Amino acid sequence: MSLPKIEGIYNYCDRWCERCTFTSRCAIFEKDKKHPDQKTRAFQERLGENILKANAILRKAAQDAGLNMEAAQARIDESVRRNEQIEIEVRQHPMMTLSAQYIVTGREWLKRQPGMLEHLEDLKTQLTIGMETNEGAKRETRVIKESLAAIQWYLDFIHDRLSRALEGKLMSLEGQGMNADGPRDHDGSAKIAIIAIDRSIEAWSELFTILPEEEDHFLKVLSMLERIKKSAIGEFPLATSFMRPGFD
């Protein structure tokens, strides 16, 4: 007997479905399995065309009903203008500037991975001459693989979730956000961003122990992540106490 879906679980997860134990209870995961083409360019183009058609039909229906389309359009234009202003405020926020810098710094290191190839060759040599056990070599290789995977996965994710959280907070302050008088959605977005930061810190720290000669770079990255986390907690003081459906 299958367990029921957990409502809203997909709003506050890290999108790493391959490692999630709740996929059978996630409506989004099930939908993506049934309709994998929804991520293709062709599907997005068809969706855009259908939205335009639906908009034209609604406009005609409103005109036929005698509704004041000019007044409605004015309200829509004002809403669009304010949303664009919120996007600018989010983009210029110091926390977002720093998280964007982290993406650049992280990508640069991942592209070059200085010292990593040499370390793996040294590990191979130690294994060959018996200075390292097979189990020890496997463990260290596994740590490297897992750390790199985590860093890559959360590199853009942190910025994306913090952006969503900040945008939600600004909209909520203006009464535009959902559940303005109840649990705050933006706190949930901030919480998974903070969790992703912690996991990234752990991953970078693991690599630091393996490649201590790269101390300057690792300390720079870890400092950036700590500053981003501090800023996020300061901006969203209720984030850590937010209860995510299914996870908390």
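Here are the numbers for this structure:
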| item | result |
| --- | --- |
| Sorted by Cβ density within 10 Å, fewest first, the residues TYR154, TYR102 | TYR102, TYR154 |
| Cβ-based exposure ranking for LYS229, LYS220, in which fewest neighbours within 10 Å come first | LYS220, LYS229 |
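All of the numbers you see were taken from the coordinates with simple rules; none came from a lab. Since the model is a prediction, treat every value here as computed from it, not as a measurement. Cβ coordinates were reconstructed from backbone atoms using ideal geometry, including for glycine residues, and neighbour counts include every protein chain displayed.
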